[in-house]
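The structure appears below as structure tokens.
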Amino acid sequence: MTRYIFLRLVDAVPTVLLVLTLVFVAMRILPGDPAVAALGDLATVEQLESFRERMGLNEPLWVQYFTFLGNALTLDFGQSMMTGSEVVDLIAYNLPYTIELTIASVVLGVVFGIPFGIWAATNANQSPDAALRGFSLIGYSIPDFYLGAVLLVVFSLNLGLFPISGGGEGFVDRMHHVFLPALALAFIKAAFLGRLTRAALLEVLGKDYVRTARAKGASERRTIYRHGLRNALLPLTTGLGLTTLAALSGSVAVEMVFNRPGIGKLLISAIAERDYAVIQAGVTVFALFVVAINVLMDLVYAIVDPRIRTK
């Protein structure tokens, strides 16, 4: 197991380097001058040159690249070109809100989606199964940012049950603030996990060992949960990983809709202002989370199915 974990971590290193390289190149090929974006059109030539010198934009590209790599590996992203604040401080403030929203949406998706999928699989071609198909169709058809806007108008503006914006202070208040955004993200995740659970469980329940367990007198509950769901964990693990990644990427739009703090909102604002340092840091953080989630899923696969460790 230790060797398997080590190999997966080693495999992630080239991916991280490639992501950092793409981030650097993308920032340099964007049109426009970051110095003009930061200082405005009325800035003098001397002011623009001083800004470029201070931010290292006058250095050769290869020098900028290796400086960026070295700083990224030590989590030193410099200062914001717009506010002068330390970028790592901006990331440290906003990151917990994004993690909070991602976890809350995944938990809601699991709580609603997997039981719904089990219910549909054990009642195939009946009303629960039809209900899941209808729910999935609706879930796949509604973008999370649009659903977020609808929830915001109905439950915050009209009914006043939830806050309109912000992230909250203290655990209870933060949970109150995050519920609607998480629900908007969780809707399509629940639809996806429900369909996946149904398909995986139906396939397992048709296996010979499940029929043998039933023939030996095992209860339906034991057959479903011990023999069925337990052996459907591998595709569900894949689905959970994809759901987490989708929630992380979807948080960008949802944070904007609900005007709540987060890496996504910070990144969108930085892109609008051409703030290189913040953009590089934000994209790097997102990319590192994607790599970390994929590595974590590989480890979960090895726990669920020990045969994978030998491959």
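The values are calculated or read from the model by the stated rules, or taken from the named source; none is laboratory data. Everything numeric in this text was worked out from a predicted model, so none of it was measured. Note: ideal-geometry Cβ built from the backbone for every residue, glycine included; neighbour counts use all protein chains shown.
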**Asked** If you go through segment 135-150 one residue at a time, do you hit one that is assigned to a loop (DSSP other than H, G, I, E, B) and either closer than 28 Å to G241 by Cα or β-branched (V, I, T) (or both)?
**Response** yes
**Prompt:** Can you name the condition, by its number, that L201 falls short on among (1) at pLDDT below 80; (2) part of a helix (DSSP H, G or I)?
**Reply:** (1)
**Prompt:** What do you reckon, is V172 of a type in the set (A, V, I, L, M), assigned to a helix (DSSP H, G or I) and within 27 Å of I293 (Cβ to Cβ)?
**Reply:** no
**Item:** Number of the exception - I164 against (1) in contact (Cβ under 8 Å) with a residue 24 or more places away in the chain; (2) outside any loop (DSSP other than H, G, I, E, B); (3) more than 30 Å from L229 (Cβ to Cβ)
**Value:** (2)
**Prompt:** If we keep just the residues of segment 169-199 that are under 30 Å from A124 (Cα atoms) and among the charged types (D, E, K, R), which is surrounded by the fewest Cβ atoms within 10 Å (Cβ to Cβ)?
**Reply:** R195
**Message:** Out of the residues in segment 64-104 meeting the condition of being assigned to a loop (DSSP other than H, G, I, E, B) and aliphatic (A, V, I, L, M), tell me which one is surrounded by the fewest Cβ atoms within 10 Å (Cβ to Cβ).
**Reply:** L75
**Item:** Single residue of segment 292-306 satisfying the filter (over 18 Å from the mean Cα position of the chain (by Cα) and assigned to a helix (DSSP H, G or I)) that is farthest from A232 (Cα to Cα)
**Value:** L299
**Request:** Hey, could you check segment 137-168 for residues that are of a type in the set (S, T, N, Q) and more than 20 Å from the chain's Cα centre (by Cα) and say which is surrounded by the most Cβ atoms within 10 Å (Cβ to Cβ)?
**Result:** S156
**Message:** Tell me yes or no: at least one residue of segment 280-291 is touching a Ser or Thr at 6+ places or on another chain (Cβ under 6 Å) and in a helix (DSSP H, G or I).
**Reply:** yes
